[in-house]
Structure formats: C-alpha cells, structure tokens
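Colleague: Here it is, the structure, as structure tokens.
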Amino acid sequence: MTDIDWDHLRAVATEAMERAYAPYSRYRVGAAALVTDGRVVAGCNVENASYGVGLCAECALVGDLQMSGGGQLVAFVCVNNEGQTIMPCGRCRQLLYEFALPGMLLETVSGIRTIDEVLPDAFGPRDLEDAAR
Ligand code: THU
C-alpha cells in the first residue's frame with residue numbers, strides 16, 4: 001500500500017479524461033485506480049442528451065474493473081480537463097466503496113485520504129448480509 005505510483009495513476013486518469021464524451025457540460029473527467037492484482041483500470045465521463053442520465057467517469061471505471069477480471073480497488077484518483085485532481089461526487093464514492101479494499105486510498109484535494117474518510121459510516125454489502133441473517 002505504501003508504494004503506490006500516484007504519478008502513473010494520474011497519467012492514466014488524464015489519458016482517460018481525453019476520451020471523455022462531455023459535449024453538454026464541457027467538463028471532462030478521467031478516473032484511474034490500482035487493483036489488488038496490480039492492474040490499473042480507468043474510465044471517463046459519458047454524457048447524454050437526456051442530461052440526468054449521464055455517466056460519471058467512476059461508472060466507467062467500475063465497469064472496466066468488472067469486465068477486466070474484478071478485484072478490489074487499492075488506490076484511486078480522478079482528474080478534470082485541466083489535469084487537476086478532483087473529488088469523486090457522492091454517488092461515485094458509493095460506487096467506489098462497493099469495490100474498495102478496506103483502507104483504499106484516494107488522492108484528493110486535501111491530500112491522500114482513505115475511503116472511510118471520504119464516505120464515513122457507509123452503507124455497503126455488509127448491511128445487506130446482516131439484515132438477511
Ligand atoms: N463527473 C464525473 O465524471 N465524476 C465525478 O465524480 C464528478 C462529476 C462528471 C459528470 C458530468 O459529466 C461532469 O463531470 C460535470 O458534472
């Protein structure tokens with residue numbers, strides 16, 4: 001967990017951002033994450049003429065994760081079209097939480113944070129398992 005190549009992750013996120021489809025907001029976003037097996041997965045935002053159904057970059061990233069073999073996310077970063085690190089929106093923090101290795105790290109606007117710091121007391125798979133018992 002200590003030797004995460006944040007520069008590489010940011011570079012992959014920036015490449016993903018360049019593929020964004022954001023003709024409506026003109027705000028392109030790219031996301032990248034390191035997976036437990038060493039893979040790096042990525043995604044970009046994909047907007048829609050029906051504005052509300054546009055997809056955040058993180059949606060594409062979790063799709064990439066699942067399609068390329070699954071696993072858990074170890075470290076995550078997302079950037080905007082200026083290459084600035086941005087925070088994943090609230091919904092996307094929840095998307096990431098589903099696949100986060102406990103203690104998953106995010107590069108954020110206020111430094112490196114854990115998933116629990118950016119989504120405290122999260123609702124997750126364990127809540128459903130507890131309820132089913
Ligand atoms: N966006 C993302 O892709 N991820 C986020 O976490 C924040 C917002 C996108 C959605 C929309 O296409 C554009 O940024 C402007 O909100």
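Colleague: On a 0 to 90° scale, report how tilted helix 90-99 is relative to the longest principal axis of the chain, with both axes built from alpha carbons and the result rounded to the nearest 10.
Modeller: Computed tilt is about 50 degrees.
Colleague: Specify which residue in the list GLY83, ALA100, LEU119 is farthest towards the positive end of the charge dipole of the chain, using unit charges on the beta carbon of Lys, Arg (+1) and Asp, Glu (-1), about the Cα centre.
Modeller: About the Cα centre, the residue reaching furthest to the positive side is GLY83.
Colleague: Below 8 Å between Cα atoms, with a sequence gap of 6+, how large is the relative contact order for segment 6-132 in percent?
Modeller: For segment 6-132, the relative contact order is 21 percent.
Colleague: Which one of LEU73, VAL109, CYS56 has its Cα pushed farthest toward the positive end of the charge dipole of segment 1-115, where Lys and Arg give +1 and Asp and Glu give -1 at the Cβ?
Modeller: Looking along the dipole axis, the top candidate is CYS56.
Colleague: Run the dipole for the chain about the Cα centre, Lys and Arg Cβ at +1, Asp and Glu Cβ at -1, nothing else charged, and hand back the magnitude in debye, nearest 20.
Modeller: Numbers: 10 positive and 18 negative charges, 70 e Å.
With Lys and Arg at +1 and Asp and Glu at -1, about 340 debye.
Colleague: Which of ASP64, ASP116 has the fewest other C-beta atoms within 10 Å, and how do the rest follow up to the most?
Modeller: Fewest-to-most Cβ neighbours within 10 Å comes out as ASP116, ASP64.
Colleague: Ok, one more. How do MET67, MET17, MET104 line up, fewest other C-beta atoms within 10 Å first?
Modeller: MET67, MET104, MET17
Colleague: Hey, could you get me the Stokes-Einstein D for segment 6-132, Kirkwood radius over alpha-carbon pairs, 4 °C and 1.567 mPa s, rounded to whole µm² s⁻¹?
Modeller: 89 µm²/s
Each value in this text was obtained by applying a stated rule to the coordinates, not by laboratory testing. Nothing here was measured: the structure is a model prediction, and the numbers come from that model. Quick reminder, even Gly has a Cβ in these numbers, built from the backbone with ideal geometry, and neighbours come from all protein chains shown.
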